[in-house]
1. Long-range amide H contacts for Gly600: which residues qualify at under 5 Å (H placed 1.01 Å from N, peptide plane, sequence gap of 5 or more or a different chain)?
2. Using just the C-alpha positions of the stretch 252-325 as equal point scatterers, what log10 of I(q)/I(0) does the Debye formula give at each q in 0.17, 0.19, 0.22 1/Å?
3. Can you tell me how the stretch 406-461 classifies by the Cα gyration tensor, rounded, prolate or oblate, using a/c under 1.5 as the rounded cut?
4. 5 Å is the cut-off here: which amide hydrogens, built 1.01 Å from N in the peptide plane, fall below it relative to Glu554, excluding neighbours closer than 5 in sequence?
5. Which links in Lys175/Lys258; Lys331/Lys622; Lys483/Lys509 stretch past 20 Å when you go from one Cα to the other?
6. Counting other C-beta atoms within 10 Å, which of Glu96, Glu397 has the fewest, and how do the rest follow?
7. By the gyration tensor of its Cα atoms, with a ≥ b ≥ c the square roots of the eigenvalues, what is the shape of the stretch 214-304: rounded for a/c under 1.5, prolate for a/b over b/c, or oblate?
8. Could you give me the ³J(HN,Hα) list for the stretch 392-407, computed from phi with Karplus coefficients 6.51, -1.76, 1.60 and θ = phi - 60°, whole Hz, x at Gly and Pro?
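None of the figures in this text is laboratory data; all of them are computed from the coordinates on show. Computed from a predicted model, the values in this text were never measured in an experiment. In this analysis, Cβ positions are derived from the backbone assuming ideal geometry, glycine residues included, and neighbour counts consider all displayed protein chains.
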Amino acid sequence: MADPDINPVIKDLGQLQLDKETGEIVSKREFKKRQQKRARKVAVAAARAERSHDTQGSAGASRQPRTNSSSPKADADLMFKQGFLADVYAEVPATEVVTRFPPEPNGHLHLGHAKAMAIDFGFDDTNPDAEDQTYVNSIVESIRWLGFTPHVISYSSDNFDKLYELAEQLIGLGKAYVCHCDEAAVKRQRGGHKGREGPRYRCHHAEQAPALNLDKFRMMRDGKFEPRAAFLRLKQDIVNPNPQMWDLAAYRIPKDQKPHHRTGDKWKIYPTYDFAHCLCDSLEGITHSLCTSEFVPSRESYEWLIQSLGVYEPAQREFGRLHLNGAVMGKRDIAALVESKVVRGWDDPRLYTLVGLRRRGIPPGAVLSFINELGATTSRTFIQTARFEQSVRKYLETTVPRLMLVLDPVRLVVVGEPAAAACFAECCIPFSTKDPDLGGYIQPLTRTIYIDRADFRETASEDYFRLAPGKTVGLFQAPFPVKAVSYTRCDTTGLVTEIRGVFDKEGPKPKSYIHWVPEGSQRVEARVYATLFKSDNPRSTGGGLENDIRPDSETIYPTALVSAGFDEVRKTGPWPKVGGAGGEDKAAPESARFQAVRVGYFAVDRDATTGHVVLNRIVSLKEDGAKAKP
């Protein structure tokens, strides 16, 4: 019989470990903490060595805003100083914060990614079947456009060799096994639908010896198994209530065996996101791994894998995803709209992809200003598209020049003046009524001018203050108001083709003013956009997304006319002069932005050519009640 006084001592000795680095004998718990600290130190040092020497900025990225006295005043770092992000830093402080922005290159980024990018700044390229270098290039360009400069652009594939070594190490520890179960069997093992249809249990492959699992894993690596015939699973906790602990897949054989866009045919097997995510964070010295709230359950598996291998452990924390009512931002949904030609492409201005917002003319600074207004919380954020547009409108209203744009022009001929007078005045029109430093342009008041068809009625009424027979209206920045005396209508279309009027030089001050352009003005194609969908939640409507498309989501005005200052605005871009994030390219067509008086904010589209200007409406103007009257 063992001596009861000696047993506790023997038991305690079993909990001790020699720290060879210091020569001390410490508890296994203390030894594990020391290993973690040393691994973190090595990982951070390696990441720093690969990084550029530019240490400006925070959260792993540097922002370089252009400043301008007329730029919107906002604290670009406000969301880092209070709320969720401040709490995360207080919980897990670090001398140098290193975060990551890890999109999968299987589609273009959207507005929700801009929020993630502004919060946490790699590519998760572990799925060659879905990825493409085109998307990689688009993501890099969108990051640059928003004005971010990553210290390092890394790829999960950079770590494939090390990830494979760690997988073999995990097998040796008895914490991973090769499984041959099909999808239906795995679903049964996990309790059926959402784990609620029966007891959960582990398949018999989990009882294989580590040596056999290692042999099978190497056979997977060497292409000895067909796709889906074998995959590596983590040996976690199948009875845990968290589905992220139900023996997740760690390595699989892709179905299509498509060459990887960076490593080619080197690998027959690829790590899953659940395996690669946390380990790449560890290998790259990430301090704060920030992701959206649907990954809350993944934190447990993230920490389990890190701790099982005894490597440096970053802190995963989760913030709320951005949802935009009345829009779709899922890659599959957008891809379906593109394939069915409902939209022009991923950069259609009606979409909320970053390439779509850019093409529409929304400045990068306006996107970041909106994200900063929202801040970061742990709750999901549901925002109306109108709120986003109001934020963009606020950003543009004092930073872009004003011009006149007539969308649907109708001719107005001034009669009763000397026949020899082709030009009655040269109107000096400022680009801004609030900032004289922006300058202006000359617009001649010619005998024939063009006004918008919506500003004329064939029959006058007491509550109508725009142009109609016998009614007087002011012309913006012109010395004389004009009174309509007659008009001509086309017998075929029924549309008014010409209005005749006289200058009302002696009458009272007009009650309303309209915009106009002179004869000889430049013709442009103007595209005016409304929300793409009829409902706030298009995915919930019956019949699919296409049945919820608004027929008037795009209206094209092929014969619009723009005032004389347009060429100057285009030549002196980008507008706003403050790029917000510093990512604006003067040569990019969408950088030429202006406010069209009474119509909205516009930018040049990439379809524009030397002889054919195409404009996109960025957002409409916020009109008051009087302007909204018909």
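1. Distant-sequence amide H within range of Gly600: Leu621.
2. These q points yield log10 I(q)/I(0) values of -0.78, -0.87, -0.96.
3. Here the stretch 406-461 falls in the oblate category.
4. Amide H to amide H, under 5 Å and 5 or more residues apart or across chains, Glu554 pairs with Ala530.
5. Distance filter (> 20 Å) returns Lys175/Lys258; Lys331/Lys622.
6. Fewest to most other Cβ atoms nearby, the residues stand as Glu96, Glu397.
7. Oblate shape, in that a/c is at least 1.5 and b/c is the bigger or equal ratio.
8. In residue order, the calculated couplings are 5, 4, 4, 5, 8, 4, 10, 10, 10, x, 9, 10, 10, 10, 9, 6 Hz.
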